[in-house]
1. Could you check region A:454-475 and list, in sequence order, the residues that are assigned to a loop (DSSP other than H, G, I, E, B) and within 22 Å of A:Gln550 (Cα to Cα)?
2. Can you find, within region A:303-316, the residue that is farthest from RNA strand B (Cβ to nearest atom) among those that are free of Cβ contacts under 8 Å to residues at least 24 places away in the same chain and surrounded by fewer than 14 Cβ atoms within 10 Å (Cβ to Cβ)?
3. Residue under question is A:Lys453, and the condition is that it be under 31 Å from the mean Cα position of the chain (by Cα), modelled with pLDDT of 95 or more and within 6 Å of RNA strand B (Cβ to nearest atom); does it hold?
4. List the residue pairs whose Cβ atoms are under 9 Å apart, where the first residue sits in region A:25-40 and is within 12 Å of A:Glu513 (Cβ to Cβ), the second is of a type in the set (Gly, Ala, Ser) and surrounded by 15 or more Cβ atoms within 10 Å (Cβ to Cβ), and the two are 6 or more positions apart or on different chains.
5. Residue by residue through region A:67-79, note down the ones that are crowded, with 16+ Cβ neighbours inside 10 Å and within 16 Å of RNA strand B (Cβ to nearest atom).
6. Working carefully through the options A:Trp258, A:Trp241, find the one that is crowded, with 20+ Cβ neighbours inside 10 Å and farther than 28 Å from A:Ile157 by Cβ.
7. Among A:Val369, A:Val354, A:Val389, which is more than 24 Å from A:Val156 (Cβ to Cβ), surrounded by 19 or more Cβ atoms within 10 Å (Cβ to Cβ) and away from RNA strand B (no atom under 12 Å from the Cβ)?
8. Answer with yes or no whether A:Ala415 is within 12 Å of RNA strand B (Cβ to nearest atom) and farther than 30 Å from A:His116 by Cβ.
Amino acid sequence: MSLEKTLKGHIMSAIDALYGQKPDEKLINFQKTRKEIAGDLTLVTFPLLKISKKNPQQTAEEIGAYLQEKIEDISGFNVIKGFLNLEISDSYWLSFMKENALKHNFAYKAKKIHSHPVLIEYSSPNTNKPLHLGHIRNNLLGYSVARILEAAGHNVIKTNLINDRGIHICKSMLAWLRWGKGETPESSGMKGDHLIGKYYVLFDKKYKEEIAALIAEGKTEDEAKNEAPLIVEAREMLRKWEAKDPKVIALWEKLNSWTYEGFDITYKRLGVSFDMVQYESQTYLGGKSLVEKGLEKGVLFRKEDGSVWADLTDEGLDEKLLLRSDGTSVYMTQDLGTATERFEKMQPEKMIYVVGNEQNYHFDVLKRVLKKLGMDWADIIYHLSYGMVELPHGKMKSREGTVVDADDLMDEMYATARKTGEELGKMENHESEEAQKLYEMVSMAALKYFILKVDPKKKMMFIPEESIDFNGNTGPFIQYTYARIQSLKRKSGIDLMQAEIKNPGQLLAKEKEILKQVYELPEILESAASGFSPALLANYSYELAKGFNQFYQEVPINKEEDENKRAFRLLLAHFAGNSLRSAMNLLGIEMPEKM
RNA sequence: GGUCGCGUAGCUCAGGGGAUAGAGCAACGGCCUUCUAAGCCGUCGGUCGAAGGUUCGAAUCCUUCCGCGAUCGCCA
């Protein structure tokens with residue numbers, strides 16, 4: 001039970017006692033007391049004036065006096081311009097610390113055993129090219145949100161729906177057949193996904209040449225794009241694939257397996273994982289029957305050419321195609337099918353799709369069409385939409401051309417971490433396994449933290465050098481703070497598990513500040529879970545790390561002569577460190593014991 | 001053009017009805033014989049895109065306008 005909730009009840013009865021009226025609970029709102037003002041929690045009295053019929057100052061004084069008298073944990077109060085600043089007793093903070101400081105993840109909630117699962121789909125790559133910067137944001141977000149929901153007690157299922165079929169993969173296959181000379185990941189030394197990507201790019205290059213040639217012969221651009229021999233051949237390949245031509249299928253399986261090997265390496269390095277993987281080749285036919293039922297019910301309609309549509313014009317949208325004139329399904333149809341199947345199989349309480357904001361319209365339509373088809377549950381679908389990741393102009397060219405490759409980016413982050421480490425002389429042997437592990441941990445923290453601290457829905461600028469700075473609001477800074485806390489504990493010679501910590505006397509302002517910050521973590525976690533927002537936890541972690549650094553600068557720990565005080569502060573440091581680790585782990589960031 | 005989103009310090013971002021709008025970076029100036037200086041402190045920097053409205057109170061909510069982006073495919 002949080003203090004705020006308890007206080008709310010007391011304030012209700014205070015007002016009832018003082019003014020003879022129970023206020024609406026919404027009128028009671030708290031905020032954190034500003035740092036420069038005495039007090040821990042502030043009640044805003046303005047909304048209560050209608051009931052008290054007194055001025056803000058008086059109202060606040062009266063409520064404050066009442067609370068101080070009735071509640072043990074309120075040790076004092078002051079009033080400034082209608083804001084009632086309540087001071088919470090040291091003993092409250094101390095018992096909070098004693099109860100929680102040694103718990104491993106004090107803010108995490110136990111899993112609700114019989115709850116419906118939360119399904120979260122993320123990553124969802126195409127198999128024709130490697131992962132790029134946009135996928136990094138997608139994967140980090142998806143994984144982090146999954147962890148946050150888990151920590152908040154949900155039963156989470158992470159899924160990856162791989163787009164392993166379609167014209168795009170046929171392009172890579174065709175180019176590999178024609179120009180690949182049997183090249184494999186082993187023979188080329190390339191990561192499988194990069195190898196396939198290379199042929200995709202090659203296809204595109206040759207295709208463009210053909211288009212240019214056709215246009216030179218007098219064709220229009222549309223004609224050229226349609227008639228170029230390569231695209232004709234790719235379409236033929238797709239047709240054969242759909243007809244399950246054994247040779248095409250075998251080739252497709254071989255090339256896709258290379259891609260998966262490559263993806264696995266990237267996922268592992270990013271630290272993300274899935275509970276299930278689905279393949280579009282197995283789901284793409286779904287959804288058709290739904291559309292046919294919709295036609296029977298008359299909620300969908302067929303045009304003269306045979307194509308099937310949903311009419312959303314009365315909802316302010318346009319008409320949306322669901323089946324092509326040749327009867328084949330489109331993306332939307334597949335998604336209708338997949339969503340319905342998932343719902344029926346797993347009965348999730350929520351289905352989260354981590355997909356870029358260029359598909360906002362798609363998901364809007366998806367939900368509307370589902371509802372049209374009578375799926376009243378459609379509102380459990382939540383599109384976790386995120387903005388594009390941009391890079392400072394001119395930086396970081398990718399191996400394959402236009403987009404920034406995920407693996408290249410991670411390599412570059414590692415190199416920067418190592419270079420910084422070398423310059424600072426932090427490690428004696430930069431080749432040692434320990435050093436390499438640390439550089440990897442630091443560079444991944446830099447990348448993850450920088451991306452996750454930004455509100456997902458906003459587009460963002462990823463600045464590699466800034467992300468890996470050891471000062472400021474960065475992952476490495478927080479790791480550094482954590483490592484120092486661990487070092488303090490190691491050097492103290494005190495076993496916190498065994499130590500008996502007596503009352504340290506009056507709390508210093510800095511000590512109380514840390515406790516207040518740690519106290520907030522469960523609440524932050526809850527908001528992060530309900531808003532699907534890792535950013536809250538990221539920015540919280542930074543505040544806490546910064547708070548600790550200030551504390552550390554001013555308050556002696558291992559230098560303190562009083563043994564009991566030293567143990568107390570060490571426990572406080574431990575508590576802060578644990579909270580940091582808990583919060584950062586939810587972002588998928590590991591914390592080093594030493595650095 | 002329709003729809004959706006965004007616009008806060010030179011740059012990157014917090015804050016999303018409440019007190020004097022916050023951080024970091026950059027710039028400048030302090031603090032290492034002292035627990036990790038990959039740190040800490042200070043200075044400088046703002047008509048919160050603009051105008052109206054609602055409110056005791058608006059960066060925050062509403063309306064209009066401006067700017068930027070996404071989207072409006074028988075692609076996924």
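1. The first filter runs over region A:454-475 and keeps only residues assigned to a loop (DSSP other than H, G, I, E, B), leaving A:454-459, A:462-463, A:468-474.
Once the filter is applied, which keeps residues that are assigned to a loop (DSSP other than H, G, I, E, B) and within 22 Å of A:Gln550 (Cα to Cα), region A:454-475 yields A:Ile468, A:Asp469, A:Phe470, A:Asn471, A:Gly472, A:Asn473, A:Thr474.
2. Our first condition is that a residue be free of Cβ contacts under 8 Å to residues at least 24 places away in the same chain; within region A:303-316, this holds for A:303-309, A:311, A:313-314, A:316.
Applying the additional criterion that residues be surrounded by fewer than 14 Cβ atoms within 10 Å (Cβ to Cβ) yields A:303-306, A:313-314, A:316.
Numbers: A:Lys303: 6, A:Glu304: 9, A:Asp305: 4, A:Gly306: 7, A:Thr313: 10, A:Asp314: 13, A:Gly316: 6 Å.
The selected residue is A:Asp314.
3. On the way: under 31 Å from the mean Cα position of the chain (by Cα): yes; modelled with pLDDT of 95 or more: yes; within 6 Å of RNA strand B (Cβ to nearest atom): yes.
Spelling it out, A:Lys453 is indeed under 31 Å from the mean Cα position of the chain (by Cα), modelled with pLDDT of 95 or more and within 6 Å of RNA strand B (Cβ to nearest atom).
4. A:Thr33/A:Gly39
5. Answer for region A:67-79, where residues must be crowded, with 16+ Cβ neighbours inside 10 Å and within 16 Å of RNA strand B (Cβ to nearest atom): A:Leu67, A:Ile74, A:Phe77, A:Asn78, A:Val79.
6. Details: A:Trp258 fails: farther than 28 Å from A:Ile157 by Cβ.
The unique qualifying residue is A:Trp241.
7. Numbers: A:Val354 fails: more than 24 Å from A:Val156 (Cβ to Cβ); A:Val389 fails: away from RNA strand B (no atom under 12 Å from the Cβ).
Of the residues listed, the single one that is more than 24 Å from A:Val156 (Cβ to Cβ), surrounded by 19 or more Cβ atoms within 10 Å (Cβ to Cβ) and away from RNA strand B (no atom under 12 Å from the Cβ) is A:Val369.
8. Values: within 12 Å of RNA strand B (Cβ to nearest atom): no; farther than 30 Å from A:His116 by Cβ: yes.
So A:Ala415 fails the test.
The values are calculated or read from the model by the stated rules, or taken from the named source; none is laboratory data. It should be emphasised that the depicted structure is a prediction, and the values quoted were computed from it without experimental measurement. As a convention, Cβ positions derive from the backbone with ideal geometry for all residues, glycine included, and neighbour counts pool all protein chains shown.
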